[in-house]
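The structure under discussion appears below in the form of structure tokens.
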Amino acid sequence: MLNPGDKAPDFIGRDHTGKTVKLADFKGKTVVLWFFPKADTPG
Amino acid sequence: MSFDTPAENKAFAEKFHFNFPLICDTDRTIGTAYGANADPQKGAARVGVVIDRDGKIKEWHARVDARAWPAEVVGTL
């Protein structure tokens with residue numbers, strides 16, 4: 001787990017359109033991230 | 001964000017007209033860094049994170065409701 005005040009781990013990945021997304025792209029902005037277990041499944 | 005492929009998340013995003021990117025962490029690197037890869041045999045844990053303007057963790061939750069939490073938290077920012 002991470003704690004408030006920790007440096008957010010840098011990341012680079014691809015989104016569902018194939019576009020590269022980096023945490024650094026959002027410098028100076030607030031970022032909300034959430035993980036889900038499997039696309040298009042409830043629960 | 002999930003461990004699904006771009007094709008799986010593309011279908012999901014188009015079905016529900018999501019207006020945000022679904023990051024496809026297929027090798028679980030990001031999930032591991034953010035504490036969402038609790039069980040490598042399963043999908044990601046429902047971790048929710050807010051990162052502040054300085055790149056620091058503002059909130060980290062082990063389990064959030066993917067339907068309600070994002071809108072709730074955006075409303076507090």
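The values are calculated or read from the model by the stated rules, or taken from the named source; none is laboratory data. None of the values given here were measured: they were computed from a predicted structure. Neighbour counts are summed over all protein chains in view; Cβ atoms, including those assigned to glycine, are modelled from backbone coordinates with ideal geometry.
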Determine which single condition A:Pro42 fails, assuming it passes every other condition in (1) in a loop (DSSP other than H, G, I, E, B); (2) within 7 Å of chain B (Cβ to nearest Cβ); (3) closer than 26 Å to B:Glu14 by Cβ.
(2)
Which condition breaks for A:Gly18 when tested against (1) exposed (fewer than 13 other Cβ atoms within 10 Å of the Cβ); (2) out of contact with any Pro (no Cβ under 7 Å at 6 or more places or on another chain); (3) not hydroxyl-bearing (Ser, Thr, Tyr)?
(2)
Could you please let me know if B:Val64 is closer than 18 Å to A:Ala8 by Cα and either modelled with pLDDT of 95 or more or in a helix (DSSP H, G or I) (or both)?
no
Select from region B:38-54 the residues that are touching a residue at least 12 places away in the same chain (Cβ under 8 Å) and more than 11 Å from the chain's Cα centre (by Cα) and list them in ascending order.
B:Pro40, B:Gly43
Filter result (touching a helix residue (DSSP H, G or I) at 6+ places or on another chain (Cβ under 9 Å) and part of a loop (DSSP other than H, G, I, E, B)) within region B:2-18
B:Phe3, B:Asp4, B:Phe18
The conditions are (1) of a type outside the set (A, V, I, L, M, F, W, C); (2) within 7 Å of chain A (Cβ to nearest Cβ); (3) more than 15 Å from the chain's Cα centre (by Cα), and B:Gly35 fails exactly one of them. Which is it?
(3)
Within region B:19-34, can you find the residues that are buried (at least 22 other Cβ atoms within 10 Å of the Cβ) and not in a loop (DSSP other than H, G, I, E, B)?
B:Ile23, B:Cys24, B:Ile30, B:Gly31
